[in-house]
Amino acid sequence: MLLPFLSLAGGMFSPSGEYWDYVRDHLLRDYFAETILLAAGAGTSAFCLGVALAWVMSLYDFRGRKFFEVFLLLPLAIPPYIAAYAYEGLLGYAGIVQSFFRNAFELQLVSLTMAIPAQAWAIWIFTVTLFPYVYLLTRAILSNQSAAIFENALLLGGGRIRMFLRVGLPLLWPAAAAGTILVCLEVLNDFGVSSHYGLNTFTTAIFAAWFGMGDADTAVKLALLLLALVFFVLLARKAVHNARRYQIVSSREKPVIPRRISGMPQAGIVLLCSLACLAGFAAPLLQMLYWLRLSWDGAFTAELGRALTYTLSVSATATLAVMIAATGTVNAGRLFSGKFSVLFSQGATLGYAIPSAVLAIGIISFFIEADAVLSAVFPFLPAKFFSMGGIMLIFAYGIRFFTVGYQMAEAGFAKIGTIYTEASRSLGRGVTSTFFLVDLPMIRHALISGSALVFIDILKELPLSLLLRPFNTETLGTTVYHFAKNEVLEETALPSLCIILAGTAFILLTRFWEKKEAGRVSGS
């Protein structure tokens, strides 16, 4: 996993060209400003929305709460770039909203996609599709808090608003900040939204240098600068995590029980949750369904079939590789713990924090060198044995999403501990047979959930697919991107819906397994 980054580091000392000199003198400041603005704006707004939703969903019981418990997760199935295309069609001059007001009331409205700045639109798209990162982590913390903390705050006469500001928000801050950092990392990784709105971010600059100018040295230098910005964000996360830590000191704490509400408070909470679900999931989905109706006659093509087949095969292969590697790594660290195993495990899980454009440039540099060595040793092999096939793409997916599989496998092993493994070993079973006969059946639900999450992330991934896919081969994501780039947005409907529906199905399935597992544990 470190080899691509070692290859990328060599570009730091490559000689500068004329294009890099121009970028450094005239464009680099704009790249920093635009990227930081998007990350800060999306992170702040996602923080506010995610914390607010987690707070009301955890502390209040209202009509429709069980419905929103599921549907507030579904924006994760909408890739931000697909949401950007959908809102362009929804609110543009030829969109449903504008057409309705023109036809029904003969009103000529200003196109919202033109009247509102592109940066604001990008921040909106990131907020409504990525807020579940903050929501999930914050709600998980709230579910483990003691109800006595909030009851005592109310008994002391603080009121509910003051209780949230003085007690709730400080308790939630570490988890909410961690979720906000994830949002910022996703923004730094983005290419589709920034490219659609014509924003000058580091990712779009890397693509422009690589594809537009054919300048690999400038792309490498920009990738290294973006990598430095990512590490700054990770250091900020570490500082926030170390600044405030809380723990429950008693094992007999009473969990938070949602308070039943009605009337105007209930209406306000239902409205907030409904708007979040509508903006992040329902509106893009309905727009894509509308476009599918318009483009139905020519939607099913041989090219789309090949893209779907290739996407599913590569995603399944990469998911299997990730889960095998992650499960083996976690199990090895669990059975043979030591400072080196911890160090290597932490290093292997850094891939998710690295922007895809940076990772792709490093992998290309590494595989070009590997092809040169392979051709010298085995001259009978094709000249581009590695770089012309799908090996690079699967390798990139493995590095990028190894963290997701690792965390799910680690959670599964943490639940069962080592007592069953030790009992099997004491009865004469070896490490391998114990893993397959004892450990694997007990963690299968965690591995299935991890596989679903990895598969969803691979389906949504765009920059890696654009940079590393084999020649004359498309994935569902790159098919959507090329249709949108050629301004035939209606044609994006079917491949976009394939991605959305697959992600939705896996999210619902994972939710079902979690509730089933929780019921089994509580029953036992």
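The values are calculated or read from the model by the stated rules, or taken from the named source; none is laboratory data. None of these values were measured; they are calculated from a predicted model. Positions of Cβ are backbone-derived with ideal geometry, glycine not excepted, and every protein chain shown enters the neighbour counts.
Structure notes:
- Residue count, segment 20-65 (criterion: of a type in the set (Asp, Glu) and within 19 Å of ILE261 (Cα to Cα)): 1
- Here THR403 does not fit the description of being assigned by TED's automatic domain parsing to the domain that holds LEU459, over 30 Å from ALA228 (Cβ atoms) and either in contact with a Phe, Trp or Tyr (Cβ under 8 Å, 6 or more places away or on another chain) or buried (at least 17 other Cβ atoms within 10 Å of the Cβ) (or both).
- Filter result for ILE448 (in a helix (DSSP H, G or I), within 21 Å of ARG469 (Cβ to Cβ) and out of contact with any Cys (no Cβ under 8 Å at 6 or more places or on another chain)): no
- Count of segment 330-347 residues which are closer than 18 Å to MET442 by Cβ and either surrounded by 15 or more Cβ atoms within 10 Å (Cβ to Cβ) or β-branched (Val, Ile, Thr) (or both): 5
- Test: residue in segment 461-468 that is crowded, with 22+ Cβ neighbours inside 10 Å, closer than 18 Å to THR309 by Cα, among the acidic types (Asp, Glu) and touching a residue at least 24 places away in the same chain (Cβ under 8 Å): yes
- Sole exception among (1) surrounded by 19 or more Cβ atoms within 10 Å (Cβ to Cβ); (2) within 30 Å of ILE269 (Cβ to Cβ) for SER7, by number: (2)
- Of all the numbered requirements in (1) crowded, with 20+ Cβ neighbours inside 10 Å; (2) closer than 23 Å to LEU73 by Cβ; (3) more than 23 Å from the chain's Cα centre (by Cα); (4) of a type in the set (S, T, N, Q), SER315 misses one, and that requirement is (3).
- Put simply, of PHE413, PHE367 the only residue that is crowded, with 19+ Cβ neighbours inside 10 Å and over 25 Å from SER313 (Cα atoms) is PHE413.
- Here the condition is being outside any helix (DSSP H, G or I), out of contact with any His (no Cβ under 8 Å at 6 or more places or on another chain) and of a type outside the set (Val, Ile, Thr); of SER337, SER345, SER365, SER315, it holds for SER337 alone.
- When ALA94 is tested against (1) free of Cβ contacts under 8 Å to residues at least 24 places away in the same chain; (2) touching a Leu at 6+ places or on another chain (Cβ under 9 Å), only condition (2) is not met.
- ASP30 under 20 Å from ALA219 (Cβ atoms), among the charged types (D, E, K, R), touching a residue at least 24 places away in the same chain (Cβ under 8 Å) and out of contact with any helix residue (DSSP H, G or I) (no Cβ under 8 Å at 6 or more places or on another chain): yes
- Residues in segment 292-310 that are among the aromatic types (Phe, Trp, Tyr) and either more than 20 Å from THR475 (Cα to Cα) or assigned to a loop (DSSP other than H, G, I, E, B) (or both): TRP296, PHE300.
- SER7 being outside the structural domain of LEU462 (by TED's automatic domain parsing) and within 25 Å of LEU172 (Cα to Cα): no
- Taking each residue of segment 308-334 that is in the same structural domain as ILE394 (by TED's automatic domain parsing) and looking for partners that are in a helix (DSSP H, G or I) and of a type in the set (Val, Ile, Thr) with beta-carbon atoms closer than 6 Å, six or more apart or interchain, yields SER315/ILE458; THR317/ILE394; ALA318/ILE394; ALA318/ILE458; THR319/VAL454; VAL322/VAL454.
- Among helices (runs of 4 or more DSSP H) entirely within segment 131-244, having at least 2 residues that are crowded, with 22+ Cβ neighbours inside 10 Å and at pLDDT 90 or above singles out 169-189, 192-196, 202-207.
Per-residue answers, yes or no, for (1) at negative phi; (2) modelled with pLDDT of 90 or more; (3) surrounded by 22 or more Cβ atoms within 10 Å (Cβ to Cβ):
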| position | (1), (2), (3) |
| --- | --- |
| LEU3 | yes, no, no |
| SER14 | yes, no, no |
| ARG29 | yes, yes, no |
| PHE32 | yes, yes, no |
| ALA39 | yes, yes, yes |
| LEU53 | yes, yes, yes |
| PRO80 | yes, yes, yes |
| LEU91 | yes, no, no |
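- Residue within segment 374-383 that is touching a residue at least 60 places away in the same chain (Cβ under 8 Å), assigned to a helix (DSSP H, G or I), more than 26 Å from SER194 (Cα to Cα) and of a type outside the set (Ser, Thr, Tyr) present: no
- Of the candidates SER524, SER496, the single residue that is out of contact with any Lys or Arg (no Cβ under 6 Å at 6 or more places or on another chain) and at pLDDT below 90 is SER524.
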